[in-house]
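The values are calculated or read from the model by the stated rules, or taken from the named source; none is laboratory data. If you're wondering where the values come from, they're calculated on a predicted model, not measured in any experiment. Cβ sites come from the backbone with ideal geometry, for glycine too, and all protein chains shown count toward neighbours. Note: areas computed on protein heavy atoms with side chains; ligands, DNA, RNA excluded. Shrake-Rupley method; radii C 1.70, N 1.55, O 1.52, S 1.80 Å.
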Amino acid sequence: TAGGVVTASLSTLASSQQYYFWVRSNCNGTDKSAWVGSATFTTACAPFPISYSQGFNIASAPSCWSTQLVPIGGTATAASTGTKISYVTTGSNPTTGPQESTNFVQYNSYSSTNGGAGAEERLVSTPMSSIGTTSVDVKFYWRNENSTTYNSGLYLNEGVQVQYSTDGVTWTDAGALIPRYDGSLGSGTATWNLKTITVPSALANLATFYVALKFHSSFG
């Protein structure tokens, strides 16, 4: 102990696992207190070497993925008060089914608390490693539409922004905003399109980095 704080060094623990522990005092191996607990801790997620792929085919976030509400205007208050990201089998505006398998990621900026204009939220990847790699591409399928209604003004600025980070806290944009609207489609139609963003060399040969999809609602 140091200043009344008990420390312990543990080894051979698995990544991204919850562990339970109990403690008790032990004086000379004979005078022992009752066990106190349990308490828990979860180990950190180990970085996945790239290439790395992830399907969103169940109704919950994949292991080691997370979400972050994004403050607006540099303030500490996010427009959203809770996550608007879910993993669904069907969606609307536009009418949408999975690109493959059973589920897909939906950012519903409208039908939940405080989904006002400017609301943003990140879907953050598991940590990854690019050791031995000089270039990193992010590829994902995105649902584009040419809506008969949501096709002008602020609607044109709704979309997703690829970002990257070395610590999961400070984020940098990679490429431009990828809009929801696509005027090259037939009026009233929608389709899944493969998007590819090449991330700057800042991510080359790193032990740990993160990628995020930052969803942006201009109209709420």
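Candidate values (1) 23.1, 68; (2) 22.1, 81; (3) 19.7, 68 were compared with Rg and Dmax of the Cα atoms in Å computed on the shown model; the agreeing label is (2).
A Förster radius of 25 Å, combined with the Cβ-Cβ distance separating ASN193 from SER63, puts the computed FRET efficiency at roughly 0.35. Test of understanding: extend the Cα→C-beta vector of ALA44 to 7 Å, then name every residue of the range 178-220 with backbone N under 11 Å from that spot. Zone members listed by number: 208-209. I need the calculated FRET efficiency for the pair THR170 and VAL36, taking r as the beta carbon distance and R₀ as 41 Å, to the nearest 0.05. E(calc), rounded to 0.05, equals 0.55. Given R0 = 25 Å, the distance between the Cβ atoms of SER16 and SER86 translates into a calculated FRET efficiency of 0.70.
Take every Cα pair under 8 Å whose residues are at least 6 apart in sequence, average their separation, divide by the length of the range 100-207, and the relative contact order is 38 percent.
Note that the chain presents 57 Å² accessible area per residue, ligands and nucleic acids not counted, probe 1.4 Å.
What's the tally of Lys pairs in the chain whose alpha-carbon atoms lie under 21 angstrom apart, where the two lysines are 8 or more places apart or on different chains?
For the chain, the number of qualifying lysine pairs is 4.
Of the DSSP beta bridges with both residues in the chain, give the percent that are antiparallel, rounding to the nearest 5. Close to 95 percent. Considering only alpha-carbon pairs that sit under 8 angstrom and 6 or more positions apart, the relative contact order computed for the range 5-150 is 23 percent.
Here the spin labels are modelled as points 7 Å beyond Cα on the Cα-Cβ line, and at THR102 and ASN28 they lie 6.1 nm apart. Net charge in the neighbourhood of THR95 (other residues with Cβ under 15 Å of its Cβ; Lys, Arg +1, Asp, Glu -1) is +1.
A cysteine counts as unpartnered when no other cysteine's C-beta lies under 4.7 Å of its own; in the chain this applies to CYS27. The relative contact order of the range 1-57 comes to 33 percent, based on Cα pairs under 8 Å that sit 6 or more residues apart. How large, in percent, is the carbon and sulfur part of the accessible surface of the range 115-216 at a probe radius of 1.4 Å? Using a 1.4 Å probe with all protein chains present, the range 115-216 comes out at 50 percent carbon and sulfur.
Sort 45-57, 153-165, 6-18 by the packing proxy (mean of other Cβ within 10 Å over each peptide's residues), most packed first.
Result, highest mean Cβ count within 10 Å first: 153-165, 45-57, 6-18.
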